[in-house]
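Structure first, commentary second.
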Amino acid sequence: MTIQADQETVTVEAFINGQHVKSLSQLAKENPANPTEIVGYFPVTTKEQAVIAIEAASGAFKTWKQTSIDERIIRMRKAIEKIRAAENDIVHLLSREHGKPLYDAHGEIFVSLMWMEFACNEATSVLAEEIQEHDHGKTIISNDPIGVVAAISPWNYPIALSTIKIAPALLAGNTIVLKPSPYAPLAAARVAEIIASEFPAGVINVVYGDADVGVELTSHPLVTKIAFTGGTATAKHIIKAASETIKDMTLELGGNDAAIFLESFDVQDERAMRRIVISNFLTTGQICMIAKRVYVHRSIYNEFVEKYIEAANRWIRIGDPFDPNTTVGPVNNLKQREYVHGLVEDAQKRGAKAIPLGQILDQKRFEQGYYLQPTLVLDCDVHDPIVVEEQFGPTVPVLPFDDEEQVIKLHNESIYGLTSSVWGKEEDAISLARQLEAGTTMINTAAVQGLDVRFPFGGFKQSGIGREYGAEGILTYTERHVINVPKMLDLPYIPE
């Protein structure tokens, strides 16, 4: 990879078995804040090159799985230090290709390194084998590496959602083939190659491409584990592709996460109102675990809306990601911008009211890029598309509810169940949280503000399979291997 000055282009190539591999064609990645600016180019990896990458990972696995956990940790820690040293360059590249404001891009690196360090700190104890001496003999339980991992990462948090897979997979003794999203491939490739520089050839491979490459990664018999973050619709295709060879899978999928405000919530709490606004519009609303629908007890609804608008207008400043005053950047790509805009228009046609939020810092830049002004949507029906579908953009519906039974039903009838949040007196909030179908429920905060990498993260229902982060996020890249040494080698009831 070559990285040049901020306004010059970046070129990435497939990285297979420790070498850059040229492709016959490339695609351009534009700057969503200024689509006429090309940030860089990435290759169209062929299906044949994807197979070579898988075979390289399979070959490297034979020796990599034999390395000690101490060696793996040492190598990963060196990679962490290299990422930290290159953070500013990575952040600028991420902001340019993605549209994240600089503070948000730094936040993604912060979360990525926090997880990688946690994984290094915990790997020895989490992966340690267990030996039990008991009345029936001895049992040894080890956590063995699975093999070749196909890791497919999305565009919204391309670095964090790549390292969430790379770090535990390698620490557990696996090898990996990473496919970044074509909507944000450059910074993820940069980080993957920094990590790869500390590991033997073939342990980390990076490919690009369209559906045919994805199908190869998810169906090839040498791939034994799939780690995917992305949409539920794509996950259904992955499950079908993997079914012929029954692969292990970790799928972190879509969410339509609800924030529930109880009667006991203090609408005068300005910090709490700021937290919910951030929970709606951080990364321009393009986070799987962001609060995408808000339910407010009818007794505080009117005052809540008033205070919410005040808080939103204070915090939301839409502008160039490189402007330090900007808190909300553009939508990452034109397709997503049009989808979110269509949801708001549809809600208005159904009788809802859309209230623009925040201030536009540069009207010319706003009109030039893939920008949408954040909107608060009121007076919509609980079953309108903007409520039941995952918007993944800068808009949020706010709806009143009358009692806990009603709001629990509204929450749980969703096909999703990734995260949720409950706001109010802690005892009341925890009591209601226990009745929600979600992988994580946060109390008096939401989204990234309530994320803790020390604990497992994943979803109910169509929000995913398995867990990432925490000890489970390391163990998910292993198979439990039980070795029994029984005292009684023969069955006692079998006749001679």
**Message:** As an exercise, identify the GluC sites (Glu not before Pro) in region 1-83 lying in DSSP coil whose Cβ has no more than 11 other Cβ atoms within 10 Å.
**Reply:** E8
**Request:** Bin all alpha-carbon pair distances of region 347-496 at 10 Å intervals from 0 and give each bin's fraction as a whole percent.
**Result:** 9, 25, 27, 17, 9, 5, 4, 3, 1, 0
**Prompt:** Taking the simple approach of a point 7 Å from Cα along Cα-to-Cβ for both T124 and Q348, what is their distance in nm?
**Reply:** 6.0
**Item:** Helical contribution to [θ] at 222 nm, DSSP H n ≥ 4, -39,500 (n - 2.57), averaged over the chain, rounded to 500
**Value:** -12000 deg cm²/dmol
**Message:** Once you keep just the Cα pairs under 8 angstrom separated by 6 or more residues, what percentage relative contact order results for region 218-316?
**Reply:** 28
**Prompt:** Nearest 20 debye, what's the magnitude of the dipole of region 195-254 about its Cα centre given +1 on Lys and Arg Cβ and -1 on Asp and Glu Cβ?
**Reply:** 180
**Prompt:** Normalised by the residues of the chain, what does the relative contact order come to in percent, with Cα pairs under 8 Å and at least six apart?
**Reply:** 18
**Item:** Accessible surface, region 98-144, averaged per residue in Å² (probe 1.4 Å)
**Value:** 44
**Karplus (6.51, -1.76, 1.60) ³J(HN,Hα), θ = phi - 60°, over region 481-496, in Hz, Gly and Pro reported as x** = 10, 9, 10, 9, 10, x, 5, 8, 7, 9, 5, x, 10, 8, x, 5
**Item:** Carbon plus sulfur fraction of accessible area for region 1-109, probe 1.4 Å, in percent
**Value:** 53
**Request:** Could you please state, rounded to a whole Å, how far the C-alpha centre of region 391-442 is from the C-alpha centre of region 72-145?
**Result:** 31
**Message:** Given a 1.4 angstrom probe, I'd like the percentage of the accessible area of region 258-450 that is carbon and sulfur, rounded to a whole number.
**Reply:** 44
**Asked** To the nearest 0.05, what FRET efficiency results for L378 and N88 with a Förster distance of 30 Å applied to their C-beta separation?
**Response** 0.15
**Message:** Take I239 and I494, extend 7 Å from each Cα along the Cα→Cβ direction, and tell me the distance between the two endpoints in nm.
**Reply:** 4.1
**Request:** Counting only heavy atoms of the protein chains, get the accessible area per residue of region 258-450 (1.4 Å probe) and round it to a whole Å² value.
**Result:** 41
**Fill in**
Between Q132 and S68, the FRET efficiency computed from the C-beta separation at R0 = 25 Å comes out, to the nearest 0.05, as 0.60
**Item:** Dipole moment magnitude, nearest 20 debye, the chain about Cα centre, only Lys, Arg, Asp, Glu C-beta charged
**Value:** 880
**Request:** Provide the FRET efficiency to the nearest 0.05 for the N302-D266 pair, computing r from the beta carbons and using R0 = 25 Å.
**Result:** 0.95
**Request:** Determine which aspartates and glutamates satisfy two conditions relative to K349: a Cα distance under 13 Å, and not lying fewer than 8 residues away in the same chain.
**Result:** D379, D381, D384
**Restricting region 414-494 to chymotrypsin sites (Phe, Trp or Tyr not before Pro) in coil, as DSSP defines it, with at most 12 other Cβ within 10 Å** = Y493
**Request:** Starting from the residue with the highest accessible area, list K364, K425, K292 in decreasing order, probe 1.4 Å.
**Result:** K364, K425, K292
**Fill in**
The answer for GluC sites (Glu not before Pro) in region 156-253 that fall in a DSSP coil and have at most 11 neighbouring Cβ atoms within 10 Å is E244
**Asked** Does the chain come out rounded, prolate or oblate, given a ≥ b ≥ c as the square roots of the eigenvalues of its C-alpha gyration tensor, rounded meaning a/c under 1.5 and, failing that, prolate meaning a/b above b/c?
**Response** oblate
**Message:** For region 258-450, what does the relative contact order come out to in percent, with C-alpha contacts under 8 Å and a separation of six or more?
**Reply:** 29
**Complete:** Counting only DSSP beta bridges with both partners in the chain, the antiparallel fraction in percent, to the nearest 5, comes to 45
**Prompt:** So for region 247-318, what are the equivalent ellipsoid semi-axes in whole Å, largest first, each being the square root of 5 times an eigenvalue of the Cα gyration tensor?
**Reply:** 27, 16, 8
**Request:** Among the aspartates and glutamates, select those whose C-alpha is under 16 Å from the C-alpha of K236, and discard any that sit fewer than 8 residues away in the same chain.
**Result:** D212, E216, E244, D248, E252
**Request:** Give K100/K292; K225/K409; K240/K335; K62/K165 a once-over and call out the pairs whose C-alpha atoms are over 28 Å from each other.
**Result:** K225/K409
**Message:** Quick check for me: using +1 on Lys/Arg Cβ and -1 on Asp/Glu Cβ, what's the dipole size of region 258-450 about its Cα centre, in debye to the nearest 20?
**Reply:** 640
**Request:** Apply the Karplus parameterisation 6.51 cos²θ - 1.76 cosθ + 1.60, with θ equal to phi minus 60°, to every residue of region 73-88 and state each ³J(HN,Hα) to the nearest whole Hz, in sequence, with x for glycine and proline.
**Result:** 5, 4, 5, 5, 5, 5, 5, 4, 5, 5, 5, 4, 5, 9, 4, 4
**Complete:** Taking placed amide H atoms and a strict 5 Å upper bound, the residues 5 or more places from N17 or on another chain that come that close are G202
**Asked** So what J values fall out for region 231-241 if you push phi through Karplus, 6.51 cos²θ - 1.76 cosθ + 1.60 with θ = phi - 60°, rounded to Hz, Gly and Pro as x?
**Response** x, 5, 4, 5, 4, 5, 5, 5, 4, 5, 5
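The values are calculated or read from the model by the stated rules, or taken from the named source; none is laboratory data. Because the structure is a prediction, the values reported are computed rather than measured. Reconstructed Cβ throughout: ideal geometry from the backbone, glycine too, with neighbour counts over all protein chains shown. Ligands, DNA and RNA are excluded from the accessible area calculation, which covers all protein heavy atoms including side chains. Shrake-Rupley method; radii C 1.70, N 1.55, O 1.52, S 1.80 Å.
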